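Reading through the structure tokens given below for one structure.
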């Protein structure tokens, strides 16, 4: 085999190319490049059209699904409030109207409404007042919508049984870019109707720009290739081929390294979230089991109240596992009226003290300002902030008996609330109190901890800081006390609630 290859190379070296050979090669290359460019252009255009259609459908379904999820979460949260004042009612109606109007403000959304049915009669709802009355005031005679939705009602009538049985999103394409999307509407897990959105996304200008750029690039590329091939005719191509092979291997190795790194980061992030969530869930589920074991007619109301709080907190924990970055309105919303003092009392009495009973080393002192205003933040988001701070006070308190003091204070002049978590245990090492370039203390950074638990530590204070700072707009700080122990300080601007 090697001898045969050597003979072929020697014959090629003996052959002398003349000008006519170069011209023939040049013409063949030009024709080949033109044909290749035409084939690539047609293939690219077909691929862009298919990609555009897929993306438009996916974007329309995702957008409709997000709208349905927002309405379902708002309905579920509102239904948990036992007594709703007129102000609460107005806030909920306003939130419904905002969701409806925000969709129509987008350039590609033409029509949106909620479709419900009574018997064989189908109604379309497109304003917050009617939607609120339908779900919370048992409205049966639904007034006509602001604009007619005959086409939406017809489609819902045709697919109602299928959507109800499968609870899957149905999207219909009309023409080339008009999508009719029907999303199952299942507040509190019960099928109530569908969310209808008529979406007309237009990405044809992207295809035109890409094709125009491809044509220009093809001409430039053709000229460069031709001149390069002519030059390569006179120069040995072995070095270039070796370089291409080496570069290809290098790129492949680099690609494998990047894939491995991305996979490792995703696995690490997911593992930490699961570990942290499992720790919370395991503790709270233990309390629920214990309460159920000791339940009697005398304490049933107390246990029912406590177990309900635990269950709602577990729901929030599970929700955080599904949504890494949840929508803002499920965290901060005027309809949330959370009493921080009540949250602190419940967590201390029904979580911290239940844990402390096993060791007997923790004592809690509460100094709560009764003038503390309520905050427009989900109660169980507040739990997610307070729980790591309380847990930190217990985990890093040392071996002796520890007193954990929790104090709240409202400053009328500055219109801000303060929450202090103090303990007389061990101090925080100075290295963790140093600030980085963004002014964040190291204890609030990810994977920074005094524990020796590997990659599963250093997540509680990081979560508390991220949730309070990024989602709630609160300030969280920590300092060592003069004698011993440390103090976490939460500053809550009430004028922004």
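The values are calculated or read from the model by the stated rules, or taken from the named source; none is laboratory data. Since this is a predicted model, take the numbers as computed values, not measurements. Neighbour counts are summed over all protein chains in view; Cβ atoms, including those assigned to glycine, are modelled from backbone coordinates with ideal geometry.
Side notes on the structure shown:
- Residues in region 119-136 that are in contact with a helix residue (DSSP H, G or I) (Cβ under 7 Å, 6 or more places away or on another chain) and in a loop (DSSP other than H, G, I, E, B): 126, 127.
- Matching residues, region 408-445, being touching a helix residue (DSSP H, G or I) at 6+ places or on another chain (Cβ under 9 Å) and in contact (Cβ under 8 Å) with a residue 40 or more places away in the chain: 408, 410, 415, 416, 417, 419, 421, 422, 423, 425, 428, 433
- Flag for residue 5 being at pLDDT below 70, assigned to a helix (DSSP H, G or I) and surrounded by fewer than 11 Cβ atoms within 10 Å (Cβ to Cβ): yes
- Within region 358-387, residues that are free of Cβ contacts under 8 Å to residues at least 24 places away in the same chain and assigned by TED's automatic domain parsing to the domain that holds residue 283 reach no partner that is in a helix (DSSP H, G or I) and crowded, with 20+ Cβ neighbours inside 10 Å with beta carbons closer than 9 Å at six or more positions or on different chains.
- Taking the numbered list (1) at pLDDT below 65; (2) more than 19 Å from residue 386 (Cα to Cα) in turn, residue 334 passes all entries but (1).
- Members of region 414-434 found to be over 15 Å from residue 475 (Cα atoms) and in a strand (DSSP E or B), listed by number: 422, 423
- Sole exception among (1) at pLDDT 75 or above; (2) at positive phi for residue 184, by number: (2)
- Among the criteria (1) assigned to a loop (DSSP other than H, G, I, E, B); (2) surrounded by fewer than 16 Cβ atoms within 10 Å (Cβ to Cβ), the one residue 139 does not fulfil is (2).
- The residue that is surrounded by the most Cβ atoms within 10 Å (Cβ to Cβ), among those in region 148-205 that are in contact with a helix residue (DSSP H, G or I) (Cβ under 6 Å, 6 or more places away or on another chain) and part of a helix (DSSP H, G or I), is 187.
- Filter result for residue 211 (in a helix (DSSP H, G or I), over 30 Å from residue 149 (Cβ atoms), more than 34 Å from the chain's Cα centre (by Cα) and modelled with pLDDT under 70): no
- Scanning region 101-118 for residues that are part of a helix (DSSP H, G or I), at pLDDT 75 or above and surrounded by fewer than 21 Cβ atoms within 10 Å (Cβ to Cβ) turns up at least one hit.
- Within region 34-61, tally of residues that are modelled with pLDDT of 75 or more and in contact with a strand residue (DSSP E or B) (Cβ under 7 Å, 6 or more places away or on another chain): 1
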